Amino acid sequence: MKDADDLTGRTALVTGASRGIGRAIAVRLARKGAAVVVHFGTDEDGAAATVDEIERAGGTAVAVRAELGVEDDVDTLFAGVEAALAGRPLHVLVNNAAATPAGPIGTTTRREFDHLFAVNVRAPYFIVQRALDLLPDGGRIITVSSVATRMANPSQTSFAMTKGAVETMSMTLANELGVRGITVNAVAPGATRTATNGASFAAPGLAELIAGTTALDRLGRPEDVADVVAFLASDAARWITGQVIDASGGLFLGPRV
């Protein structure tokens, strides 16, 4: 009898898996036994590195390229996904790919705003729509959100709006798809240092300042988020749906003194 968190025999699609949190999620799902489709938009070398890391650990993965937020993006993605699955169902969908914050309302252009919503809201919505024909009963849909939805950060207004949208999407889809045993949840990371965003925390004292506002007193790591996603993808989380799981280490919970 396999453990409840064992994903052996299952398949997973992780969007934006060429680096950072997406790579960590893909690697963790593969280590749990899933065969992983590693989606990437432009970073072919990064996607290849993700696949290589999975395969060196004895897992199975294939990279699929599709730029999100453009015309026919979902058609392009699923042409590659269905070829990789070769007739198998898709058991786990992780919507991780996202465009970064466009700036405060005073500087955001209409083009930046539209791109943000195209990548962060429209793409995951229609990816889910397309995936429903491939997901068996008992499947898993997990979308990466952000603690920006519960904080007032003027530099991330439009970004927070997109993440609020996918949190609402997750809740409503959970209610619709529950009769099929499909769980739908969101995971909200906080300040997470990755190999590609390390420079963002390089300003003197910034990392310490953020850590000081976090209950667990440090910046997050991609693996911290990946473990939460892997749990939600497993049978161990079969009774959790329609939820936003905060994976921020307790960022901005309140004063610590």
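How much of the pair distance distribution for the range 84-218 lies past 27 Å, counting alpha-carbon pairs only, in percent?
On the way: 2818 of 9045 pairs.
Tail of the P(r) past 27 Å holds 31 percent of the pairs.
When you restrict to C-alpha pairs under 8 Å that are six or more residues apart and normalise by the size of the range 11-246, the relative contact order lands at 20 percent. Taking Cα centre as origin and charging only the Cβ of basic (Lys, Arg, +1) and acidic (Asp, Glu, -1) residues, the dipole magnitude of the range 11-246 rounds to 420 debye. Per-residue ellipticity at 222 nm, computed for the chain from helices alone with -39500 (n - 2.57) per DSSP H run of at least four residues, works out to -11500 deg cm²/dmol.
Among beta bridges identified by DSSP and lying wholly in the chain, the antiparallel ones come to about 5 percent.
For the peptides 197-203, 187-193, residues were scored by their other Cβ atoms within 10 Å and the scores averaged per peptide; the highest-first order is 187-193, 197-203. Comparing Ala211, Ala61, Ala47 along the charge dipole axis of the chain, the residue lying farthest to the positive side is Ala211, per the Cβ-charge model. Taking only the Cα atoms of the range 1-65, the radius of gyration and Dmax are 11.1, 41 Å. When Phe126, Phe40 are arranged by Cβ crowding within 10 Å, least crowded first, meaning fewest neighbours, the order is Phe126, Phe40. Its Cα gyration tensor gives the chain an equivalent ellipsoid. The semi-axes, each the square root of 5 times an eigenvalue, are 28, 21, 19 Å from largest down.
In the frame of its principal axes, the range 37-163 has Cα extents of 48, 31, 28 Å, reported largest first. For the listed peptides 59-71, 127-139, 91-103, a ranking on the average number of other beta carbons within 10 Å per residue, highest first, reads 91-103, 59-71, 127-139. A protection proxy built from the mean count of other Cβ atoms within 10 Å ranks the segments 247-256, 9-18, 47-56, most packed first, as 9-18, 47-56, 247-256. Binning all Cα-Cα separations of the range 92-151 at 10 Å, short to long from zero, yields these whole-percent fractions: 20, 43, 26, 10, 2.
FYI, it's all coordinate maths here, none of it is from the lab. The shown structure was predicted, so the numbers you read here are calculated from the model rather than taken from an experiment. So basically every Cβ, Gly included, is an ideal-geometry build from the backbone, and we count neighbours across all protein chains shown.
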